[in-house]
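The next block holds one structure in the form of C-alpha cells; read it before the comments.
The values are calculated or read from the model by the stated rules, or taken from the named source; none is laboratory data. All of these numbers come straight from a predicted model, not from anything done at the bench. Here the Cβ is made from the backbone with ideal geometry for all residues, glycine too, and neighbour counts use every protein chain on show.
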Amino acid sequence: MANIKSAKKRISVIARKTLRNKMIKSRVKTAISKFQKSLATGNIDTIKERLRLAVKELDKAATKGVLHRNTVARKKSRLYAKFNALIKSTASNE
C-alpha cells in the first residue's frame, strides 16, 4: 500500500477510470453483439438501427480514449463489411 498522499490519490483515480473504461467497453461489446444477433433476423431496418448504435458507441469510446482510433476504425469497417455483404446477398436473391 502506498504511503505518499499523491500515490494514494493516483490509486483512487485509477480505480475510477478503470470502472469507467470497463463500462464503456461493455457498452461497445453489447452494441456489437446486438448487431450481430440482428443479422440473423434478416430485418434490414433493425439491422441498420443496430449498426448505427454500434458505430455510435465505438465512436464514443474513441473520443473518450478508451479504444484507439485505429481499433475503432477496424471494428467499424468489419461491421460495415458484414452489413454490405448481407445487403448484397439479399439484393442478389431478389
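When residue 66 is tested against (1) in a helix (DSSP H, G or I); (2) β-branched (Val, Ile, Thr); (3) modelled with pLDDT of 95 or more, only condition (1) is not met.
Would you confirm whether or not region 47-54 contains a residue that is part of a helix (DSSP H, G or I), loosely packed, with under 15 Cβ neighbours inside 10 Å and among the acidic types (Asp, Glu)? Steps first, please.
As a first pass, look at region 47-54 and keep what is part of a helix (DSSP H, G or I): 47-54.
In the following step, the residues that additionally are loosely packed, with under 15 Cβ neighbours inside 10 Å were identified as 48-49, 52.
Of the ones still in play, those that are also among the acidic types (Asp, Glu) are 49.
Yes, region 47-54 contains a residue that is part of a helix (DSSP H, G or I), loosely packed, with under 15 Cβ neighbours inside 10 Å and among the acidic types (Asp, Glu).
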